[in-house]
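A short worksheet on the structure shown next.
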Ligand code: LLP
């Protein structure tokens, strides 16, 4: 579904006109659609049910994509599990009403304190990424008289064919353990009293458009599970990670059912529980970043639209050269407005990399509102206070209701933890 559409020439989020949100809550402001988040969740449920694996599947929303409490709470109400990578994310999930028993903990550098926190909470599974981490978790668990449920994140060495910064399944990545070393590690883990081996985990990358690499990875996980069974190690769950891509511009993205089909075919007839860790595909297209044009700079060679959002609010263009569509909130086109020009849409931060979009054909006046689309994933969660800029407000639209789910940070918030020298 597309929750963001023009009505009478004004861009709306569901039934809420974006200019009303700008007046009520200011800009820059992230705007999410509850209906779109719910629909994205339902698409996973429907796809799994239609393939006959609904009962043995658990979708664990990857919190890093957008960790705002209201979003976590919405997914918790829908029955989601959660994929976390820090103690902070665990605290957020619990504060938002998520169930610890449905939490899986990924990441290459879990600290002792985080391991203790997750053990005390009673999470479902630790995804281990090295032999050193295995020994550390065993020690921590035994010290607490506990047994930690674990999977190893295996690195199947398949090429996900995505941006190098978000490819994680290749041999050269820092993630996971090489699949050919996994069997030996599992045997060692099975002998450690502090660990309880329950699964195999894998995540090969993000913004994947081709379902084949994930299906190939699943096939390699199954082969490993069968080897382990021969060693007397019973694997109860297979975690196939996240990674399904979304449409930012003109990418051909399969729907969830089509994306999962080859993988589920590879997994057909198995008994293990299936875990999924989608992030972007649940939230990416359900959010936009609303911003206002502050200054227009028309030059001989280039035109700049300086807006009040910047790379600190949405880092993806600066970091990955990522494309986000940029729409005017008041609909314009060449017929209705002859002043169409090519603009670089930039923020006020003192860096040349501070842009949200380059060479965009737009008809603009100062004070106009713009919507930076597909900003629900890795937008707010990657934002910072660079240039001492308070982080944006966040609003969740539900029909015509506009709920402020995070107030704009104040300058006082930014100083709150700091002190002067004695
Ligand atoms: N599981 C693990 C272990 C992950 O590392 C990730 C993402 C996910 C699941 C969720 O992947 P997704 O379904 O969202 O593709 N900041 C980058 C994306 C970084 C992805 C990091 N890991 C971006 O804005 O494109």
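Throughout, read-outs are computed from the coordinates displayed, never taken from laboratory work. Nothing here was measured: the structure is a model prediction, and the numbers come from that model. Using ideal geometry, Cβ is built from the backbone for each residue, glycine included, and neighbour counts are taken over all protein chains shown.
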All-pairs alpha carbon distance profile, segment 34-279, 10 Å steps from 0, percent: 8, 33, 39, 18, 2, 0
Between residue 15 and residue 413, what is the label-to-label distance in nm when each label sits 7 Å out along the Cα-to-Cβ direction? 2.9 nm
What's the extension gain from residue 301 to residue 333 if we count 0.36 nm per residue and subtract their Cα-Cα distance? 9.3 nm
Tell me the angle of helix 256-266 to the major Cα principal axis of the chain, expressed in degrees between 0 and 90 and rounded to the nearest ten. 20 degrees
Calculate how large, on average over all directions, the projected area of the Cα convex hull of the chain is; give the answer in nm² to one decimal. 23.1 nm²
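Viscosity 1.306 mPa s, temperature 10 °C: Stokes-Einstein D of segment 241-385 from its Kirkwood Cα radius, in µm² per second? Before the final figure, lay out the partial values.
On the way: Rh = 17.0 Å.
It comes out at roughly 93 µm²/s.
Relative contact order for segment 34-279: what is it in percent, counting Cα pairs under 8 Å that are at least 6 residues apart?
19 percent
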Checking 37, 370, 362 against a Gaussian network model of the chain (alpha-carbon springs below 10 Å), the top fluctuating residue turns out to be 362
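Using 0.36 nm per residue, how much length does the chain from residue 233 to residue 45 gain when fully extended, once their Cα-Cα distance is taken away?
The span from residue 233 to residue 45 would gain 64.7 nm if fully extended.
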If you stretched the chain out fully between residue 384 and residue 361, how much longer would it get, using 0.36 nm times the residue separation minus the C-alpha to C-alpha distance? 5.4 nm
Relative packing of peptides 393-403, 44-54 - highest average C-beta neighbours within 10 Å first: 393-403, 44-54
Wrap a convex hull around the Cα atoms of segment 1-41, take a quarter of its surface area, and give that in square nanometres. 3.0 nm²
Using every alpha carbon pair in segment 301-396, what percent of pairs falls into each 10 Å bin from 0 up to the bin containing the largest distance? 15, 49, 29, 6, 0
Using every alpha carbon pair in segment 349-422, what percent of pairs falls into each 10 Å bin from 0 up to the bin containing the largest distance? 12, 36, 36, 13, 3, 0
How long are the semi-axes of the ellipsoid equivalent to segment 86-210, from square roots of 5 times the Cα gyration tensor eigenvalues, in whole Å, largest first? 25, 19, 11
Could you calculate the FRET efficiency of residue 181 with residue 142 from 1/(1 + (r/R0)^6), where r is the beta carbon distance between them and R0 is 22 Å, rounded to 0.05? 0.40
In percent, how large is the relative contact order of the chain, given Cα pairs closer than 8 Å and 6 or more residues apart? 19 percent
Most packed first (mean Cβ within 10 Å per residue), the peptides 16-28, 275-287, 406-418 order as 275-287, 16-28, 406-418
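Calculate how many DSSP beta bridges within segment 34-279 are antiparallel, expressed in % of all such bridges and rounded to the nearest 5.
5 percent
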Descending principal axes extents, segment 1-97, alpha-carbon based, whole Å: 46, 35, 17
For the pair residue 340 and residue 100, what calculated FRET efficiency results from E = 1/(1 + (r/R0)^6), where r is the Cβ-Cβ distance and R0 = 41 Å, to the nearest 0.05? 0.15
Rg/Rh for segment 13-68 to two decimals, with Rh computed the Kirkwood way over all alpha-carbon pairs. 1.15
Please figure out what share of the DSSP beta bridges in the chain is antiparallel and state it in percent, rounded to the nearest 5. 45 percent
In segment 73-205 the DSSP beta bridges are antiparallel at a rate, in percent to nearest 5, of 5 percent
